[in-house]
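Presented below is the structure to which this report refers.
The values are calculated or read from the model by the stated rules, or taken from the named source; none is laboratory data. A quick note: this is a predicted structure, and the numbers were derived from the prediction, not measured. Every residue, glycine as well, gets a Cβ built from its backbone with ideal geometry; the counts of neighbours run over all protein chains shown.
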Amino acid sequence: MENVNNIGIMSDSHDNLAAIRAAVELFNREKVDLVIHAGDLVAPFTAREIKKLRCPYKIVLGNNDGEILGLYKIYDGNVFQPPFFLSVGGQAICVLHDPCLLKELKESQNYDVIIYGHDHKPFVEQLTDGTIIVNPGECGGWVTGKSTVAILNLSSREVKIVDIPQRDKLQ
């Protein structure tokens, strides 16, 4: 994928439609070029919000994604088993859900960006070789009570962790 500079990153939305809606609205407002979901959408009905994105998206399966065939079908071939590898804007990106392979991936020095989720903790690290590691935290907000996503600028190599308000929590 070329002509991509800003990537919206989310993970662990766990069927929270209000949080997914808020993330999609943020990504559309920020005019991201691509959204990557690092697993645990959970059910196919989440497509009703994800498909409101005004950019392409890629989804990696997580340990809680249940109706896998339904997810493959409703997301039109944009769902992948981890680890998922793609080239975006000339940069090699690896996306997984569970960070169990993280140590080996860091040591391989084969990737410009490694994205993961699973532990619901926002995390950003830039390795000495330039590799950026990103965990956007949990979009769903079920575990920590805080919904977060990330925006990665490939040109500046800057990552912002962004708190997203959920409408039902704003009232």
Breaking point among (1) farther than 15 Å from Ser13 by Cβ; (2) assigned to a loop (DSSP other than H, G, I, E, B); (3) modelled with pLDDT of 95 or more, for Leu53: (1)
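What residue, of Gly39, Gly90, is buried (at least 18 other Cβ atoms within 10 Å of the Cβ) and in contact (Cβ under 8 Å) with a residue 40 or more places away in the chain? Let's see the steps before the verdict.
Values: Gly90 fails: buried (at least 18 other Cβ atoms within 10 Å of the Cβ).
Exactly one residue qualifies, and that residue is Gly39.
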Hey, Met10 of a type outside the set (Ser, Thr, Tyr), touching a residue at least 40 places away in the same chain (Cβ under 8 Å) and within 18 Å of Trp142 (Cβ to Cβ) or not: yes
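So that you can scan it fast, the table gives a plain yes or no per residue for (1) in a helix (DSSP H, G or I); (2) of a type in the set (Val, Ile, Thr):
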| position | (1), (2) |
| --- | --- |
| Asn3 | no, no |
| Asp15 | no, no |
| Ile36 | no, yes |
| Val42 | no, yes |
| Asp65 | no, no |
| Leu69 | yes, no |
| Leu86 | no, no |
Some residue of the stretch 131-138 being assigned to a loop (DSSP other than H, G, I, E, B), modelled with pLDDT of 95 or more and at positive phi: yes
Any hit, the stretch 19-31, residues being assigned to a loop (DSSP other than H, G, I, E, B), closer than 19 Å to Phe123 by Cα and at pLDDT 95 or above: no
Cβ pairs under 6 Å, 6+ apart, first in the stretch 109-129 and farther than 20 Å from Gly89 by Cα and at pLDDT 95 or above, second among the hydrophobic types (A, V, I, L, M, F, W, C) and not in a strand (DSSP E or B): Gly117/Ala38; His120/Val143
Odd one out for Glu104 among (1) within 19 Å of Gly39 (Cβ to Cβ); (2) crowded, with 17+ Cβ neighbours inside 10 Å; (3) over 13 Å from the mean Cα position of the chain (by Cα): (2)
Residues within the stretch 113-147 that are surrounded by fewer than 19 Cβ atoms within 10 Å (Cβ to Cβ) and either in contact with a strand residue (DSSP E or B) (Cβ under 6 Å, 6 or more places away or on another chain) or not aliphatic (A, V, I, L, M) (or both), tallied: 13
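Starting from residues that are of a type in the set (A, V, I, L, M) and surrounded by fewer than 20 Cβ atoms within 10 Å (Cβ to Cβ), keep the ones in the stretch 56-87 and report whichever is farthest from the chain's Cα centre (by Cα). Before you say what the answer is, go through the steps one by one.
Initially, the stretch 56-87 is screened for residues of a type in the set (A, V, I, L, M), giving 59-61, 68-69, 71, 74, 79, 86.
Of the ones still in play, those that are also surrounded by fewer than 20 Cβ atoms within 10 Å (Cβ to Cβ) are 68-69, 74, 86.
On the way: Ile68: 18, Leu69: 20, Ile74: 18, Leu86: 13 Å.
Result: Leu69.
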Count - residues of the stretch 13-58 that are closer than 25 Å to Ser87 by Cβ and of a type in the set (Asp, Glu): 3
Subset of the stretch 89-104 that is in a helix (DSSP H, G or I) and closer than 17 Å to Pro136 by Cβ - its residue that is modelled with the highest pLDDT: Pro99
